[in-house]
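Beneath this line is the structure, given in structure tokens, with notes to follow.
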Amino acid sequence: MSSYKNFLTGFIKSIIAISLIPFALGLLISFGKLVVSLFPISSSEIWFLTGFVIFFTVFLIKSVPGHVYVFGHELTHAFWTILFRGKIKEFKVSSKNGSVVTTKNNFLISLAPYFFPIYTFLIIFIFYILAFFLPVSKYIEWLFFFVGISYSFHIFLNFESLSIGQSDVKKTGKIFSYIIIAILNIIIAVAVLKFVTPEKIIIKEYFSESWTSALKICEFVWRYLVKSFKNVTMGEREISY
């Protein structure tokens, strides 16, 4: 009975994932247009890109201490558990692996480390908390710099982590997990860019354009399937005569 339930759950997740592909492509196409529209880049974007490229360079030439990534990974699980009103019963971290025992779990909690840049949001949160007590606004460029570093950390270490396989992804279902991770990473990327350069990005317009692109992709696929079906049926009729 459990194997049948697992098969049915996996099948439903695969159908959902496949149906989300046009939306994921729509988001990606619009994201590409959005990035191009950012030129010429502003001062805040230069600071962000500098931080992003610096970490990427460090990532290429030197391994990052395992504790840093693993701690952020498990902390993200814990944070999203709390968001869903769950409780943390155990939290363990080492240089190679870690674990969190919680009272609640779902696919967002399982996949959160792969789309939610916890260090980026922590840096932003700490900066604005300090702003209540200290004149940190004059260091806003450094905020964008460290946001760039932390976001680069999120992108490249998670790419490396996913490339070698992760139990969270396997448990949730590979096809479903990768589509959800891709969609949410694009949305988070737009949010980060909106934070860095708010005057250039209108979120409502971005999603509207993404939805339009997704509908066009669906229309194209539908026409292709209908045309293929007609060709097959016409071929069968020719054979029968």
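The numbers here are math on the coordinates, done by the rules we state, and not lab data. In this text the structure is predicted, and so the values were computed from the model without any measurement. Glycine gets a Cβ as well: all are built from the backbone with ideal geometry, and neighbour counts include every protein chain shown.
Restricting to the range 109-121, name every residue that is assigned to a helix (DSSP H, G or I) and either touching a helix residue (DSSP H, G or I) at 6+ places or on another chain (Cβ under 6 Å) or farther than 14 Å from PHE195 by Cα (or both). Those that are assigned to a helix (DSSP H, G or I) and either touching a helix residue (DSSP H, G or I) at 6+ places or on another chain (Cβ under 6 Å) or farther than 14 Å from PHE195 by Cα (or both): ILE109, SER110, LEU111, ALA112, PRO113, TYR114, PHE115, ILE118, TYR119, THR120. Per the conditions (1) in contact (Cβ under 8 Å) with a residue 24 or more places away in the chain; (2) out of contact with any strand residue (DSSP E or B) (no Cβ under 9 Å at 6 or more places or on another chain); (3) outside any helix (DSSP H, G or I), the sole criterion not satisfied by VAL100 is (2). Residues in the range 11-30 that are in contact with a helix residue (DSSP H, G or I) (Cβ under 8 Å, 6 or more places away or on another chain), over 14 Å from ILE186 (Cβ atoms) and not charged (D, E, K, R): SER14, ILE16, ALA17, ILE18. Based on what the data block shows, is VAL58 loosely packed, with under 14 Cβ neighbours inside 10 Å, within 30 Å of PHE144 (Cβ to Cβ) and of a type in the set (A, V, I, L, M)? No, not satisfied.
Listed by first and then second residue, the pairs linking a residue in the range 120-139 that is surrounded by fewer than 10 Cβ atoms within 10 Å (Cβ to Cβ) to a residue that is among the β-branched types (Val, Ile, Thr), with Cβ atoms under 8 Å apart and 6 or more places separating them unless they lie on different chains, form an empty list. When ILE82 is tested against (1) touching a residue at least 24 places away in the same chain (Cβ under 8 Å); (2) hydrophobic (A, V, I, L, M, F, W, C); (3) surrounded by fewer than 15 Cβ atoms within 10 Å (Cβ to Cβ), just one condition goes unmet, and that condition is (1).
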